[in-house]
Amino acid sequence: MNEQIANIQSQALELIAASTDERTLDDARVASIGKKGTLSLAGALIKDIPKEEKAAFGQSLNAARTAINSAISEKQAALQEIADKAALSGIDITLPARSLPAGGLHPLTLIRDEATQVLRRMGFALADGPEIEDEYHCFDALNTPADHPARNEKDTFYFNSGKLLRTHTSSVQIRTMETAAPPIRIIAPGSAYRRDEIDATHLSVFNQLEGLFVDTDVTLPDLKGTLEYFFHEMFGTTTEVRFRPHFFPFTEPSFEIDVKLQIKGQAPRWIEVAGCGMVDPAVFEAINATRKDNALDPEKVTGFAFGMGIDRLAMIRWGIKDIRLLIENDTRFLSQFA
Ligand code: PHE
């Protein structure tokens, strides 16, 4: 090998061997085989070399370049290994992996889904309606007179337009009956809004689940049987269920439903869980007036309706003492249900 090239090669290999990181290794590469590196400059001299020595000179050049390149690759690998080791030092790769916290369903979602499933098994279909309602669908069509306290501005959120945040999901019953023909069997889970003072048992928004069954020959025993079955499914088959006479403008007769339950850490007692009743014929008449086809002729069809608070069901089920926990999104509370 050409002596000059041999010198260049051995100097380059020394520099490569001495380099301690990627930076100094790259400096060594530039100094030797870079555009203006020692080997490249030597290569430029080939044109001045006598013809018969050119081939040997060229071979020397190539051999030196190959040697330098492979020394660089080896050094690169060695430096990488050192860096990897340093990165891993102090880490015990045999330790179990950190757990990734998984999400879970909110208790209100859990209880709503459960209640919905029980009712769907009985043939109730899901129905929906707007949360921003008009007075007609929230009150008038539900036989609720203009002077009824629920319509008071102190109790209901009104918009300047005269619309309001629905105070109950009963408005979905009206909207459904306006378009569907009997038999109608629907449930409407959704938010309802009231201007309640917020405390441990009241929020200004809560979740309701309403149901409606309209057909020929729907009777009070149908109502009782359906809801007794429902609450047995929700709270256990031995749970006592009682129907206490009550008043709602849109049902006649009307009842409140109590279940006798023992909430964690309390003596068993009757707890109100729902309102219900047989649809008042005045409601059918209001809808017939809109439909103009008498499809809900009170002489031919009857129906029952019920409504309950999902938040209340959750509080009973899990012994939750403060309804505000259900909207605070404190993961210490919520993780108990995941
Ligand atoms: N809409 C009533 C309420 O919000 C509940 C109810 C629904 C009562 C259907 C009777 C029939 O309190």
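Using 0.36 nm times the number of residues separating Lys36 and Leu100, minus their current alpha carbon distance, what extension gain do you get? Show your work: numbers first, answer last.
Details: separation 64, 0.36 × 64 = 23.04 nm, distance 5.35 nm.
Separation in residues times 0.36 nm, less the Cα-Cα distance, equals 17.7 nm.
In the neighborhood of Lys163, defined by Cβ-to-Cβ distances under 11 Å, what is the net charge if each Lys or Arg adds +1 and each Asp or Glu adds -1? Could the numbers behind the result be given before it?
On the way: positive: Arg166; negative: Glu131, Glu133, Asp134, Glu135.
That works out to -3.
Relative contact order of the range 57-170, please, whole-number percent, based on alpha carbon pairs below 8 angstrom and at least 6 residues apart. The partial results should precede the final answer.
Numbers: 34 pairs, mean separation 21.8, N = 114.
Here the relative contact order equals 19 percent.
So what are the ³J(HN,Hα) numbers for the range 239-253, from phi and the Karplus equation (6.51, -1.76, 1.60; θ = phi - 60°), rounded to whole Hz, Gly and Pro as x?
Along the range 239-253, the couplings run 5, 7, 10, 10, 10, 10, x, 8, 10, 10, x, 9, 10, 7, x Hz.
Thr109 to Ser70: FRET efficiency via 1/(1 + (r/R0)^6), r the Cβ-Cβ distance, R0 51 Å, to the nearest 0.05?
Working: r = 64 Å, r/R0 = 1.25.
After rounding to 0.05, the efficiency reads 0.20.
What figure, in Å² to the nearest 10, do you get for the accessible area of His202 with a 1.4 Å probe and non-protein molecules left out?
Roughly 80 Å² of His202 is accessible to a 1.4 Å probe.
Given a 1.4 Å probe and heavy atoms of the protein chains only, how would you sort Met122, Met278, largest accessible area at the top?
On the way: Met122 50, Met278 20 Å².
So, going from the largest accessible area down, we get Met122, Met278.
Project the alpha carbons of the range 2-88 onto their principal axes and report the range along each, largest first, in whole Å.
Taking max minus min along each principal axis of the Cα atoms, the range 2-88 gives 56, 18, 16 Å.
Would you kindly give the portion of the calculated P(r) for the chain that falls above 26 Å, as a percent of all Cα pairs?
Numbers: 36477 of 56953 pairs.
Roughly 64 percent, rounded to a whole number.
In terms of solvent-accessible area of protein heavy atoms at a 1.4 angstrom probe, what is the ranking of Lys260, Lys36, highest value first?
Working: Lys260 80, Lys36 175 Å².
Result, largest first: Lys36, Lys260.
So what's the net charge close to Arg194: Lys and Arg +1, Asp and Glu -1, counting the other residues with Cβ under 11 Å from its Cβ?
On the way: positive: Lys154, Arg166, Arg195; negative: Asp155, Asp196, Glu197.
Local net charge: 0.
What are the ³J(HN,Hα) couplings of the range 326-333, residue after residue, when phi is run through the Karplus curve with 6.51, -1.76, 1.60 and θ = phi - 60°? Round to Hz, x for glycine and proline.
6, 10, 7, 6, 7, 5, 5, 6
What aspartates and glutamates does Lys260 reach when the alpha-carbon gap must be under 18 Å and sequence neighbours fewer than 8 apart in one chain are set aside?
Glu228, Glu233, Glu240, Glu272, Asp311
Can you tell me the FRET efficiency between Lys51 and Ala18 if r is taken as the Cβ-Cβ distance and R0 is 56 Å, rounded to the nearest 0.05? The partial results should precede the final answer.
On the way: r = 38 Å, r/R0 = 0.69.
Once the sixth-power term is evaluated, E becomes 0.90.
Take the alpha-carbon centre of the range 301-332, take the same for the range 31-67, and report the distance between them in whole Å.
After rounding, the separation between the Cα centres reads 86 Å.
Helix-only estimate, please: 222 nm mean residue ellipticity of the chain, summing -39500 (n - 2.57) across DSSP H runs of length 4 or more and dividing by its residues, to the nearest 500. Don't jump to the answer; show the numbers that get you there.
Working: 12 runs with 146 residues, N = 338.
Computed mean residue ellipticity for the chain: -13500 deg cm²/dmol.
Under 15 Å from a point 7 Å along the Cα-to-Cβ line of Arg120: which residues of the range 197-236 have their amide N that close?
Within reach of a label on Arg120: no residues.
Among DSSP beta bridges whose residues both lie in the chain, state the antiparallel percentage, nearest 5.
Details: 44 of 46 bridges.
Percentage antiparallel, nearest 5: 95.
Place a point 7 Å from the Cα of Gln262 along the Cα-to-Cβ direction; which residues of the range 204-248 have their backbone N under 19 Å from it?
232-242
Can you give me the relative contact order of the range 152-275 as a percent, contacts being Cα pairs under 8 Å and 6 or more apart?
Values: 165 pairs, mean separation 18.8, N = 124.
Reported as a whole number, the value is 15 percent.
Defining a contact as two alpha carbons under 8 Å apart and six or more residues distant in sequence, what relative contact order in percent does the chain show? Mind dumping the intermediate values first?
On the way: 504 pairs, mean separation 51.1, N = 338.
RCO, the chain: 15 percent.
Students often get this wrong, so check it: of Lys51/Lys75; Lys36/Lys75; Lys154/Lys292, which have C-alpha atoms separated by over 27 Å? Each step should come with its number before you reach the end.
Details: Lys51/Lys75 37 Å; Lys36/Lys75 22 Å; Lys154/Lys292 35 Å.
Where the Cα-Cα span goes over 27 Å, the pairs concerned are Lys51/Lys75; Lys154/Lys292.
How big is the gap, in Å, between the Cα center of the range 165-180 and the Cα center of the range 210-243?
21
Kindly write out, for the range 180-194 in residue order, the coupling ³J(HN,Hα) from the Karplus curve 6.51 cos²θ - 1.76 cosθ + 1.60 (θ = phi - 60°), rounded to whole Hz, with x marking Gly and Pro.
Taking θ as phi minus 60°, the curve returns 8, 10, x, x, 10, 9, 10, 10, 10, x, x, 7, 9, 10, 9 Hz for the range 180-194.
With the chain treated as a Gaussian network of Cα nodes joined by springs under 10 Å, which of Arg195, Arg29, Arg166 yields the largest mean-square fluctuation?
Arg29
Helices from the chain with mean Kyte-Doolittle at least -1.0 and a Cα length along the axis of 20 Å or more, per DSSP H: which? Mind showing how you got there, number by number?
On the way: long enough: 3-18 (22 Å, 0.41); 51-88 (56 Å, -0.29); 107-121 (21 Å, -0.34); 220-235 (22 Å, 0.01).
Span-like helices, by this rule, are 3-18, 51-88, 107-121, 220-235.
Provide, for q = 0.22, 0.24, 0.25 Å⁻¹, the log10 of I(q)/I(0) from a solvent-free Debye sum over equal Cα point scatterers in the range 187-278.
-1.31, -1.37, -1.38
For an R0 of 51 angstrom, estimate the FRET efficiency from the Cβ-Cβ distance between Val205 and Ile91 and round to the nearest 0.05.
Details: r = 49 Å, r/R0 = 0.96.
That pair, Val205 with Ile91, gives E of 0.55.
Hey, which aspartates and glutamates would be in cross-link range of Lys54, C-alpha to C-alpha under 18 Å, not counting anything within fewer than 8 residues on its own chain?
Reachable aspartates and glutamates: Glu3.
Leaving out same-chain residues fewer than 8 places away, which lysines sit with a Cα under 17 Å from that of Lys321?
In chain and number order, the partners are Lys264.
Quick check: net charge around Gly58, other residues with Cβ under 14 Å of its Cβ, Lys/Arg +1 and Asp/Glu -1?
+1
The values are calculated or read from the model by the stated rules, or taken from the named source; none is laboratory data. What you see is a predicted model, and the numbers here were worked out from it, not measured in a lab. Virtual Cβ from ideal backbone geometry, glycine too; neighbours counted across all protein chains shown. Only protein heavy atoms, including side chains, enter the accessible area calculation; ligands, DNA and RNA are left aside. Shrake-Rupley method; radii C 1.70, N 1.55, O 1.52, S 1.80 Å.
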